[in-house]
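Notes for the one structure printed next.
All of the numbers you see were taken from the coordinates with simple rules; none came from a lab. Just so you know, these numbers come straight off a predicted model, no measurement behind them. Every residue, glycine among them, receives a Cβ derived from its backbone with ideal geometry; neighbour counts consider all protein chains shown.
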Amino acid sequence: MTRTATPRTVTLTRESEGVYVATGQDGAQLRFGRGEGLLGPVELMLAAIAGCSSIDVDAMTTRRSEPDRFEVTASADKVTEDGANILEDIRVLFDLAFPDGEAGDAARKRIGAALRASHEKHCTVSRTVEAGVPVALVEAEPRPSA
């Protein structure tokens, strides 16, 4: 078995109370937090799960035909037990439609295999969640304020 590790990093900065900006390694940014017009962290996690598989399924189906509809909904139950929160029963619903004809038929036939390949091999996000990979929260070494 071949194993390779490629680091991934996102840096989070506080814009104001409850509002943050995540910056990826390539400089792309996403504003989120608590408040009107902002996606929260749980919604971002659901979006990441749906988005990861969507990218896979999109690549595997649209090389045959462009979709008439490509909508993906991720949902989960937020459960609080003894004061601790967790998401359970995470579901990702793919609502895809392709045009009539040979190309659309080929794309439709590919959907099931694309979903399986994403779930079993390609989607890093959902595979990580399912694996229950530990998360470590650590404090940085003190440094002077800017």
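Distant-in-sequence amide contacts of residue 39, defined by a placed amide H-H separation under 5 Å and a gap of 5 or more residues or a different chain, comprise 33. Loop-resident trypsin sites (Lys or Arg not before Pro) (DSSP state other than H, G, I, E or B) in region 1-84 with no more than 15 further Cβ atoms inside 10 Å of their Cβ: 3, 8, 34, 63. Only helices reaching 27 angstrom along their own axis (Cα) with mean Kyte-Doolittle hydropathy no lower than -0.5 count here, and for the DSSP H runs of the chain these are 41-61. Between 70, 28, 94, the Cα set farthest toward the positive side of the dipole of the chain (charges on each charged residue's Cβ, about the Cα centre) is that of 28.
In region 70-122, inverting the average of 1/r over every pair of distinct C-alpha atoms gives 13.6 Å as the Kirkwood radius.
Restricting to Cα pairs below 8 Å that are 6+ residues apart, what does the relative contact order work out to for region 1-142? Please round to a whole percent.
18
Note on region 40-131: semi-axes of the ellipsoid equivalent to its C-alpha gyration tensor, largest first and rounded to whole Å, are 30, 13, 9.
Restriction of the GluC sites (Glu not before Pro) in region 46-146 to DSSP coil positions whose beta-carbon has at most 12 other beta-carbons within 10 angstrom yields 139. Given the -39500 (n - 2.57) contribution per DSSP H run of 4+ residues, what per-residue ellipticity at 222 nm results for the chain, rounded to the nearest 500 deg cm²/dmol? -10000 deg cm²/dmol, from helical runs alone. Of interest is the spacing of the C-alpha centroids, which for region 1-44 and region 90-137 amounts to 22 Å. Cα gyration tensor of region 10-75, axes a ≥ b ≥ c as square roots of the eigenvalues: rounded (a/c below 1.5), prolate (a/b > b/c) or oblate? Judged from the Cα gyration tensor, region 10-75 comes out prolate (a/c at least 1.5, a/b above b/c).
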